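Coordinate-derived values only; no laboratory data. Model, not experiment: these values are computed from the prediction. Quick reminder, even Gly has a Cβ in these numbers, built from the backbone with ideal geometry, and neighbours come from all protein chains shown.
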Amino acid sequence: MSLPDPSFLLARAPVVPVVTVPSVAAGVKLARALVEGGLPLIEVTLRTEPALEAIAAIAAEVPDAIVGAGTVTRPELVEKSIAAGARFLVSPGVTPALLEAFAEAPVPVLPGCATPSEAMTLHAMGFSVLKLFPAEAVGGANLIKSIAAPLPDLRFCPTGGIGPDNVGKYLAQPNILAVGGSWVCPHDLVTMGDWEAIVALSRAASKLHRAAFPL
Ligand code: 3PG
């Protein structure tokens, strides 16, 4: 049986904001700003105490958002994230137990990899869209370009160290469906509640051209 395909979700926007929420209320306001700026896919990292509650609140209160859970590093977080309302899951890497849970998940999963061997192992288990992490540190757009020929069935959503200065290089690769990043929702703007600035950053990111989805 094939696993839920993340491609359809990633087609919705070139950038997936990687969000770390200080509170449920800030998470909802941030989600509204990102959606208004044209970035409906939102990865809420499970790194802060209110993260799961924020996913639930965003799912309930921001109907145009497609909220997912990031930093899913343990099997029990798969069920908890989905119960909260996560519509996709992202991990920085995998363990055998986490992979088992991912294989059972009813929502699309972007499991993390950093090498061709890890990518091949995930592909053999049925995952064909992978997060490359930490993208810039492990070879970035050049790595993904280099593995396009030997691993033609794989697609990527790289994350880690991507920002306005290098995002174009990533999105120029046809095997990159979208990128993840926190540059559209910087910590200081979230803390200050400067939602207008986040709308502007999102708007610019939402207009980035992707080779994977030519207009
Ligand atoms: C993360 O998990 O923190 C993401 O990879 C975001 O990375 P960034 O902050 O470098 O965009």
Discussion item. What whole-number distance in Å separates the alpha-carbon centres of the range 40-88 and the range 139-215?
Written reply: 20 Å
Item to complete: May I have the convex hull volume per residue, in Å³, for the Cα set of the range 95-178?
Response: 89 Å³
Worksheet item: In a shell of Cβ-Cβ distance under 13 Å around Glu76, excluding Glu76 itself, what net charge do Lys and Arg (+1) and Asp and Glu (-1) give?
Response: -1
Worksheet, complete the sentence: Total charge of the residues flanking Ile144 in space, meaning their Cβ is under 12 Å from its Cβ, with Lys and Arg +1 and Asp and Glu -1, is +3
Worksheet entry | Under 5 Å, built H, 5+ apart or other chain: amide partners of Gly181 | Val16, Val18
Worksheet item: Which aspartates and glutamates have a Cα lying under 20 Å from the Cα of Lys29, excluding residues fewer than 8 positions away in the same chain?
Response: Glu43, Glu49, Glu53, Glu61, Asp64, Asp188, Asp194, Glu196
Discussion item. Students often forget the sequence filter, so: which lysines lie under 20 Å Cα-Cα from Lys169 once same-chain residues fewer than 8 apart are removed?
Written reply: Lys131, Lys145, Lys207
Item to complete: Ratio to report: Rg/Rh of the range 7-206, with Cα atoms as the point set and Rh obtained by the Kirkwood method; give two decimals.
Response: 0.95
Worksheet item: Once the other residues with Cβ under 11 Å from the Cβ of Ala13 are scored (Lys, Arg +1; Asp, Glu -1), what is the net sum?
Response: +3
Worksheet item: Do you know the relative contact order of the chain, to the nearest whole percent, from alpha carbon pairs under 8 angstrom that are 6+ apart?
Response: 23 percent
Worksheet item: Which value in deg cm²/dmol, rounded to the nearest 500, describes the helix-derived mean residue ellipticity at 222 nm for the chain, given -39,500 (n - 2.57) per DSSP H run of n ≥ 4 and division by the residue count?
Response: -11500 deg cm²/dmol
Practice prompt. Quick one: which residues, 5+ away or cross-chain, put their amide H under 5 Å from the amide H of Ile66? H built at 1.01 Å from N.
Written response: Leu41, Ile42
Fill in: Kirkwood Rh in Å, taken over all unlike Cα pairs in the range 38-81
10.7 Å
